[in-house]
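**Student:** Have a look at this one.
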Amino acid sequence: MEDWLHRKAEEHAHNEILAFLMIILGVNLLIGGLLTIIIAAGEPNWLLNFPYVPLQASPAYLGLILTFTGFAILSAGFLLVVHYDRKRSWYVKEIEKSSIPKKWKTNSKTVNQILEEYTGKRKRDKSN
């Protein structure tokens, strides 16, 4: 069971890295689209944070497509990073929960047992 938890935690860490790469791709597309619109239209009108241009030229269409695609991929990447991070942290907590009892089982001697072993060894050493 613990091996499966380790594999799932590693899988979600890998997916989290891929989601970060999606964010980078989204930022590149968003900036590329904004630059394309600014270069093609000169001084566009702005609707929220998206440029709105009376579309006369094909580069302006390309810029709008890149801008909206970049924003969508950026948003999806951000949501996936949060999702995979939460999943990975859950698996790591489960691994910690399952490994704590193993540590206790290996060192589960009581104080009396330790003292008896220690005094028993001392008595044997004195008798020799």
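**Student:** What ranking do 62-71, 88-97 get when scored by the average of other Cβ atoms within 10 Å per residue, highest first?
**Tutor:** Working: 62-71: 18.2, 88-97: 14.4.
Put in order of decreasing packing, that is 62-71, 88-97.
**Student:** Go ahead and run the numbers for FRET between LEU21 and SER89, Cβ-Cβ distance against an R0 of 22 Å, rounding to 0.05.
**Tutor:** Using R0 = 22 Å, I get an efficiency of 0.65.
**Student:** With θ taken as phi - 60° and the coefficients 6.51, -1.76 and 1.60, list the Karplus ³J(HN,Hα) couplings across region 9-17 in order, rounded to whole Hz; mark glycine and proline as x.
**Tutor:** Karplus values, whole Hz, x for Gly and Pro: 5, 5, 4, 6, 5, 5, 5, 5, 5.
**Student:** Could you go through region 65-75 in sequence order and give the Karplus-derived ³J(HN,Hα) for each residue, using 6.51 cos²θ - 1.76 cosθ + 1.60 with θ = phi - 60°, rounded to whole Hz, and x for Gly and Pro?
**Tutor:** Ordered by residue, 3J(HN,Hα) equals 4, 5, 5, 5, 5, x, 5, 5, 5, 4, 5 Hz.
**Student:** Between ARG7 and THR119, with labels modelled 7 Å along Cα→Cβ, what's the label distance in nm to one decimal, could you check?
**Tutor:** In this crude label model, ARG7 to THR119 measures out at 5.1 nm.
Quick note: the coordinates plus some simple rules give every number you see, no bench work behind them. As the structure is a computational prediction, the values presented were derived from the model and not from experiment. Every residue, glycine among them, receives a Cβ derived from its backbone with ideal geometry; neighbour counts consider all protein chains shown.
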